[in-house]
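Contents: one structure, followed by commentary.
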Amino acid sequence: MRDDSEAPRKKLTRRRFLSTAGSSAAAAALIGRATAAGAAERGSPGAVAEGPGIEGAVPVTLRINGKEQRLSVDPRTTLLDCVRETVALTGTKKGCDHGQCGACTVHVNGRRVNSCLTLALMHDGDEITTIEGLGTPDALHPMQAAFLAHDGYQCGYCTSGQIMSAVALLKEPCGAEDAAVKELMSGNICRCGAYPNIVAAIQQVRRNA
Amino acid sequence: MHTFEFVRPKDSAAAVGLAAQTKTAQQGAQVRFVAGGTTLLDLMKLNVETPSRLLDINRLPLSTVEAAPDGGLKIGATVRNSDLAHHPRVQQDYAVLSQAILAGASAQLRNMATTAGNLLQRTRCAYFRDTAMPCNKREPGTGCPAIAGSNRTLAILGTSESCIATNPSDMNVAMVALEAVVHVQGAKGPRAIPVGDFHVVPGNTPQRETVLEPGDLITLVTLPPPVAGSKQVYLKLRDRASYEFALASAAVVITVSGGKVTRARVALGGVGTKPWRSPEAEAALVGQAADAASFRKAAEAALRGARPQSENAYKIELSKRCLAHALQTAATV
């Protein structure tokens, strides 16, 4: 960090810094879609976020957290990249990008899936729920509150995926014991090892449900 | 990932017509059906699969589970693994299938993966998944580095000089033990393929994994009527307790009457280049006492043809114990 960054620091978020610091043409191209979506206003209903000159882009309409998003994406765009880069909802995390870690877990029509292993185009008309659609800082979802209360994380990178999985688990067939919860949460890896607290958080919500 | 055209065929006939334009339905196919995407997109990101056209079959009417007229079950190609595992008929009459599916992958992946996709699940062999390495399955004729390399998790049954890759599916093992039938809509019309004939051993053509031809669309899988009084167990052994592929697994469907085994269907997973039916074990069981000695003999018979590699000889004993334990559990259910 350079000392002369003191002045703008207050207004600068980490994400904005990373999105604007790139000076090369390549970096500008890489973030093009994200900034275009930002310009279309994050999460605004009916916004069409068209990437600048995405060759072969295809229209798709998703309902994300209750809002209709009419988008235009490269066919290769996974649901994960669409949510993060096109719609700029970055609460959903990219871990392995191969369906092995669960950080990208979102709900499609109420069921949890790995958003990295499905294409945005496969979900035309589908209802997508991300961590941003679960609760707000002022009105947390009970599972979010329970993760806070039980310290169900350390670095936090896997947390949104853990919580999305845990919320879906509440509606799935699952035995009462901790072992059943662990089995159904095995698709969400936590390298910090917060597992005991995650299980405690989930069990508290299940008991109170 | 290579670019591709994304198409949503309006019906099965249109899907078959478009898919028939590929030269092969096996490794290297230029047209691929996509349903769950859990195998295909993974391999496309690795550039192991490079189709130029994807046919999305998720909106085709292939997602129902229905009773078959003969008392069996008709399972649509795009029925999600989680829905199948929790279906009341499957839990009641085909418990081994439910157990096998729930022993595989994670809850999220089971919500995505489909019946037909699971049948076509590709090997986890690290050399197959890495385009920097030679692999006869991915690039015929380049060699098999697994044979002298890292092969701890690879196959001991059905291998060849060309390939020792393991079929990774749990569901397939149960399907084989249940004698499921795969129904295909093809360019020349429909046909039904017993699941035991659906997958092929690698031989000199490991790039060929099934009997599917260009245009072939799996539409459903049927299960025969349940065998009255049969006991079913799927047992899976792996490096960790959950979310891991099998080192050895066994699906058994046996009927015991008067202390003797009267009928047996046995399949092994994690050890074969295809889901491994063992007629040897079945023959060794029928007419014998349902006890530990018989089960061990059956396990010995099942693994008699095993050919270990440098790192996986342990699988022979592991697989024997797995099968014997599964049989013992089934007999005492």
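Coordinate-derived values only; no laboratory data. No experiment lies behind these values; they were computed from the predicted model shown. Reconstructed Cβ throughout: ideal geometry from the backbone, glycine too, with neighbour counts over all protein chains shown.
The trypsin sites (Lys or Arg not before Pro) of the range B:173-256 that meet both conditions, a loop assignment by DSSP and at most 13 other Cβ atoms within 10 Å of the site Cβ, are B:Lys188, B:Arg240. As a ratio to 2.2 N^0.38 Å, the alpha-carbon radius of gyration computed for the range B:88-216 takes the value 1.15. Treating only the Cα positions of the range B:164-323 as identical point scatterers, give the base-10 log of I(q)/I(0) from the Debye formula at each q in 0.15, 0.19 Å⁻¹. Log10 I(q)/I(0), no solvent term: -0.85, -1.23.
Restricting the calculation to Cα atoms, every distinct pair contributes to the Kirkwood radius of the protein assembly as shown, found to be 24.8 Å.
Spacing of the modelled spin labels on B:Ala67 and B:Glu5, each 7 Å from Cα toward Cβ, amounts to 4.5 nm. Each Cα pair under 8 Å and six or more residues apart adds its separation to the average, and for the range B:204-276 the resulting relative contact order is 21 percent. Sorting the segments A:73-82, B:143-152 by their residues' average number of neighbouring beta-carbon atoms within 10 angstrom, most packed first, yields A:73-82, B:143-152.
Compute the distance from the alpha-carbon center of the range A:146-209 to that of the range B:143-168, in whole Å. Cα centroid to Cα centroid, the span is 37 Å. Remark: chain B carries a charge dipole of roughly 200 debye about the Cα centre, counting +1 on each Lys and Arg Cβ and -1 on each Asp and Glu Cβ.
Restricting attention to the range A:146-209, which trypsin sites (Lys or Arg not before Pro) occupy a DSSP loop and are surrounded by at most 13 other Cβ atoms within 10 Å?
When the trypsin sites (Lys or Arg not before Pro) of the range A:146-209 are filtered for loop state and at most 13 Cβ neighbours within 10 Å, A:Lys171, A:Arg191 remain.
In this simple spin-label approximation, B:Gln21 and B:Ala228 carry label points 7 Å from Cα along the Cα→Cβ vector, and these lie 5.3 nm apart. Dividing the mean sequence gap of close Cα pairs (under 8 Å, 6+ apart) by how many residues chain B holds gives a relative contact order of 18 percent. Can you spot the lysines whose alpha carbon is less than 25 Å from B:Lys23's alpha carbon? Ignore those fewer than 8 places along the same chain. List returned: B:Lys10, B:Lys45, B:Lys137, B:Lys188, B:Lys274. If one computes the Cα centroid of the range B:72-88 and of the range B:206-276, what distance in Å separates the two points? Value for the Cα centre distance between the two parts: 16 Å.
Residues in the range B:212-242 near a label at A:Cys174, defined as backbone nitrogen under 17 Å from the 7 Å Cα→Cβ point? Counting backbone N atoms under 17 Å from the label point, the list is B:242. Taking every residue in B:108-120 and counting other chain Cβ atoms within 10 Å of its Cβ, the average works out to 4. From the largest down, the range B:1-151 spans 48, 38, 28 angstrom on the principal axes of its Cα atoms. Taking GluC sites (Glu not before Pro) across the range A:102-209, the ones in a DSSP loop with at most 14 further Cβ atoms lying within 10 angstrom of their Cβ are A:Glu177. Taking Lys and Arg as +1 and Asp and Glu as -1, the other residues whose beta-carbon sits under 13 Å from that of B:Glu282 total +2. Semi-axes of the equivalent ellipsoid for chain B, computed as √(5λ) from the eigenvalues of its C-alpha gyration tensor and ordered from largest down, come to 32, 25, 16 Å.
Computed from the alpha carbon positions, the gyration tensor of the range B:244-333 leads to an equivalent ellipsoid with semi-axes of 23, 12, 11 Å, biggest first.
Applying 1/(1 + (r/R0)^6) with R0 = 56 Å to the Cβ-Cβ distance of B:Arg304 and A:Asp138, what FRET efficiency is obtained, to the nearest 0.05?
0.25
Placing a label point 7 Å from the Cα of B:Arg124 along the Cα-to-Cβ line, the residues of the range B:246-265 whose backbone N sits under 14 Å from it are B:246-249.
Let a ≥ b ≥ c be the square roots of the eigenvalues of the Cα gyration tensor of the range B:274-322; is it rounded (a/c under 1.5), or, if not, prolate (a/b larger than b/c) or oblate?
prolate
Please compute the average number of Cβ atoms from other chains found within 10 Å of each residue's Cβ in peptide A:180-193.
On the way: counts 0, 0, 2, 7, 5, 4, 8, 9, 4, 2, 0, 0, 0, 0.
Mean shielding count: 3.
For the pair B:Ala148 and B:Asn204, a Förster radius of 22 Å applied to the C-beta separation gives a FRET efficiency near 0.75, rounded to the nearest 0.05.
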